[in-house]
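Shown next, in structure tokens, is the structure this report addresses.
The values are calculated or read from the model by the stated rules, or taken from the named source; none is laboratory data. Quick caveat: nothing in here was measured; it's all calculated off a predicted structure. A quick note on method: Cβ atoms are made from the backbone with ideal geometry, for glycine too, and the neighbour counts reach across all protein chains shown. For accessibility, only protein heavy atoms count, side chains too; no ligands or nucleic acids. Shrake-Rupley method; radii C 1.70, N 1.55, O 1.52, S 1.80 Å.
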Amino acid sequence: MGKYLYDKDLSVVVPVFNEEGNLPELYCRLTAVLSALTEKYEIIFVNDGSSDGSLRLIEDFAAADSRVYYIALSRNFGHQVAVSAGLDYVRGRATVIMDADLQDPPELIPELYGKHTEGYQVVYVRRRKREGESAFKKISAKLFYRLMRRVARIDMPMDTGDFRLVDHHIVSCLRRMPEQSKFLRGQIAWMGYRQTGIELDRPERKHGRSGYSVSKMFALAFDGITGFSNKPLEWVSRMGLIVFLIALAVIIYSLIRHYIYHQTVEGWTSIIASSMFIGGIQLLSIGVIGSYIARINKNTDNRPLYLIADSNIETDSEE
Ligand code: UDP
Ligand code: MG
């Protein structure tokens, strides 16, 4: 890792999870665009434990085209890890990260590359519109980016995915970030440097289904927030204070009624309601604290981020 020189003009990293329907068209369009830009490019496909014929297709591309590389992970590690694996082996002075499902059109790469030659080190793509995605996904994504902007200390551009160009400084910085819970767009925003964006009406995925289940989406959102902000912990303690003040008010009220007005407050309902309310808040708070602890736990385990089963690049795992 990191022993490679940046001797290409442009690398493209494509994470692949069950994309056999999209890969042939992607490969065609990508090579057409790239070969018009430069001779010295490489495409690295990272197979993230696909269960369809994706890996065979990628191996075929690599066998026929010396500019195609593949890394086959030992199982499904998730999109962020697959991209990180690809970034560990790129040799481009600039690298484009893009999805395999043609939602990130290869034809945008010349524009990204153009901005890079103007001197920008990160060129991200802002999604102006998202076609063919469920209302739930659109709304949750919108809410997430707004929430992230409020809680995180980083200036993360709104409505951007991981489709972007980064230069080799950014790639080396990412390689030096050891965190296990990856949230690349946040990590890159955190770095600063010269960043700019272009806009895109994001098209629908061509074939197959989204590999991002609702639970994967929530996990990513959680990693984003807990990785860049301790605000949820502050909210929990504030909530505790508020509940304590309410309880205090209720106690004083009951005492006054008992001793001054000689009416004892009674009631099963109030006891059950209040104890369940407090129980709920406590569990919620433990959950929030727990997710921060889980983060620490994951990072102290010191496991490798991913394992490689096979590759046509000389990777460390074969040593
Ligand atoms: N992907 C991956 N591992 C996963 C899920 C997705 O490598 O566990 C890849 C997928 O093949 C695609 C990219 O990540 O190239 C984006 O995934 P997807 O299109 O499913 O996400 P969406 O566009 O629906 O957010
Ligand atoms: Mg997609």
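Quick rundown of the values:
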item	result
Any hit, region 110-122, residues being at pLDDT below 90 and touching a strand residue (DSSP E or B) at 6+ places or on another chain (Cβ under 8 Å)	no
Those residues of region 180-216 which are in contact with a Ser or Thr (Cβ under 8 Å, 6 or more places away or on another chain) and away from ligand 1 (no atom under 16 Å from the Cβ), in sequence order	197
Selection within region 45-63 - under 27 Å from the mean Cα position of the chain (by Cα) and part of a helix (DSSP H, G or I)	54, 55, 56, 57, 58, 59
Test result for residue 194, away from ligand 2 (no atom under 16 Å from the Cβ), farther than 22 Å from residue 14 by Cα and modelled with pLDDT of 85 or more	yes
Among the candidates 124, 41, residue that is aromatic (Phe, Trp, Tyr) and within 24 Å of the chain's Cα centre (by Cα)	124
Residue match in region 16-38 (condition: open to solvent by less than 20 Å² (accessible area, probe 1.4 Å), touching a residue at least 12 places away in the same chain (Cβ under 8 Å) and closer than 22 Å to residue 175 by Cβ)	yes
Hits in region 216-232 (condition: open to solvent by less than 50 Å² (accessible area, probe 1.4 Å) and either within 16 Å of ligand 2 (Cβ to nearest atom) or not in a helix (DSSP H, G or I) (or both))	217, 220, 229
Qualifying positions in region 262-291 - touching a Ser or Thr at 6+ places or on another chain (Cβ under 6 Å) and of a type in the set (Ser, Thr, Tyr)	291
From 229, 172, 215, residue being of a type in the set (Ser, Thr, Tyr) and without any contact (Cβ under 8 Å) to a residue 12 or more places away in the chain	215
Test: residue in region 233-248 that is surrounded by 15 or more Cβ atoms within 10 Å (Cβ to Cβ) and in a loop (DSSP other than H, G, I, E, B)	no
Close pairs from region 282-305: first closer than 16 Å to residue 218 by Cα, partner small (Gly, Ala, Ser) and surrounded by 13 or more Cβ atoms within 10 Å (Cβ to Cβ), Cβ under 7 Å, at least 6 apart	295/181
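Residue-wise test of (1) within 16 Å of ligand 1 (Cβ to nearest atom); (2) open to solvent by 60 Å² or more (accessible area, probe 1.4 Å).
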residue	(1), (2)
7	no, yes
42	no, no
47	yes, no
54	yes, no
